[in-house]
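Everything below concerns the one structure shown next.
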Amino acid sequence: YQRRVHGDLQMFTRAIFYRIEKFMNSSVGPKIRKLGQAIYRGSSKIAGPQNYQDQLVRSLRFRRFNKDYPNLLSADWIAPNATVIGDVSIGEGSSLWHGVIARGDTVSIKIGKNSIVQDLTYLNEPLPLQGFPTLKPSPVGGKEIEKSEFQGINIKDNVVIGPQCRIRKATFESNSFVGAKSTVGNGCIIESYAALAAGAYLQDGKVVPSGQIWAGNPAKYLRDLTVEEKLAIVENVEQLAELARIYALETEKTEREVLDEKLQHIYKQYEDPVEAYAQNLWEKGYPMDEEDMNYIDHRARTQYSNSFVSEKEPSIFESNPDLSLIHI
């Protein structure tokens, strides 16, 4: 009965919010908007030449440059404050985190599957002093350049680029790793299962061979990676990908979903502990009868201990095997 009353109360509350929202949008909202516009026009005339015009800045997560549009449909998550411009292609399961800037207007950018570009990383090709660079590689012999000859920022599968990195026109093979605050110059190649330590500066044209870690400014060979460190690169990708999915769920919620979560939080604050235990068991599919409710009430309100149960009288868990796996 209590569960039914609780459910009815939730439905009644949502119905009230829906009617209030509909009333505000259809009648009150337009009148307030017209009043605000009238006040704004009047104050603008009074201000004269000193009037300040507010401008709406659109999201920079998807910005066209000339005829090039970012291809982001397969990505797991693009942070709301990320900047993606022009010729940028992101593969399935990959993500761009908070504050990432991908400048596809200066260089073509390709990101493969399940790759992570973390916070405040800058992907671009600096402009030369005497003109604007070519956005795409020129054809060779009348044919389009093959993928293996792609000239741009090429980040392949399962790559992790740490926060606050600066990436130029370079290639990152699958399962490579770049530490935080690193800089990778033009023409560099980081091979599979190779790592660049945090804060390293990899000069133009350098190659980090597979199985090695480079560090320093300028970056040089430090040592070989252990088997455990190679496995850690793979595990790090999986953990960051799961975190990116959580971010995606949170940032893409509608206003209605956020409001429902707040209501659920308020309900839990004032929820009866006995009813909470009963609801939890009911959701897991365990039948509840009067004896079970009495036992839960006793445990919840008097801190019941198994030491008080008489050896001659079997406990409720012994008499009901279905509840033997429940820990309250």
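The values are calculated or read from the model by the stated rules, or taken from the named source; none is laboratory data. Because the structure is predicted, anything quoted here is derived from the model rather than measured. For neighbour counting, all protein chains shown are included, and Cβ atoms are generated from backbone atoms with ideal geometry for every residue, glycine included. Accessible surface areas use protein heavy atoms only, side chains included; no ligands, DNA or RNA. Shrake-Rupley method; radii C 1.70, N 1.55, O 1.52, S 1.80 Å.
If TYR201 satisfies every condition in (1) touching a Lys or Arg at 6+ places or on another chain (Cβ under 7 Å); (2) at pLDDT 95 or above; (3) not polar (S, T, N, Q) but one, which is the exception?
(1)
Go through (1) in contact with a strand residue (DSSP E or B) (Cβ under 9 Å, 6 or more places away or on another chain); (2) more than 24 Å from THR171 (Cα to Cα) one by one and return the number of the condition SER89 breaks.
All conditions pass for SER89, except number (2).
Can you give me the number of residues within the range 225-238 that are surrounded by 13 or more Cβ atoms within 10 Å (Cβ to Cβ) and either over 21 Å from GLY93 (Cβ atoms) or not aliphatic (A, V, I, L, M) (or both)?
Qualifying residue count, the range 225-238: 4.
Being assigned to a helix (DSSP H, G or I) and of a type in the set (S, T, N, Q), is that true of even one residue in the range 59-79?
no
Scan THR183, THR251 and give me the residue that is touching a residue at least 12 places away in the same chain (Cβ under 8 Å) and surrounded by 19 or more Cβ atoms within 10 Å (Cβ to Cβ).
Going through THR183, THR251 in turn, just one is touching a residue at least 12 places away in the same chain (Cβ under 8 Å) and surrounded by 19 or more Cβ atoms within 10 Å (Cβ to Cβ): THR183.
Has the range 46-65 got at least one residue that is open to solvent by less than 100 Å² (accessible area, probe 1.4 Å), modelled with pLDDT of 85 or more and among the small types (Gly, Ala, Ser)?
No.
Please determine, by comparing only the residues of the range 86-111 that are among the aliphatic types (A, V, I, L, M) and more than 19 Å from GLY187 (Cα to Cα), which one is nearest to the chain's Cα centre (by Cα).
LEU96
Looking only at the range 194-216, count every residue that is among the aromatic types (Phe, Trp, Tyr) and open to solvent by 40 Å² or more (accessible area, probe 1.4 Å) and tell me the total.
Qualifying residue count, the range 194-216: 1.
Could you grab me the full set of residues in the range 84-99 that are within 18 Å of GLU238 (Cα to Cα) and either of a type in the set (Asp, Glu) or surrounded by fewer than 24 Cβ atoms within 10 Å (Cβ to Cβ) (or both)?
The answer is GLY91, GLU92, GLY93, TRP97.
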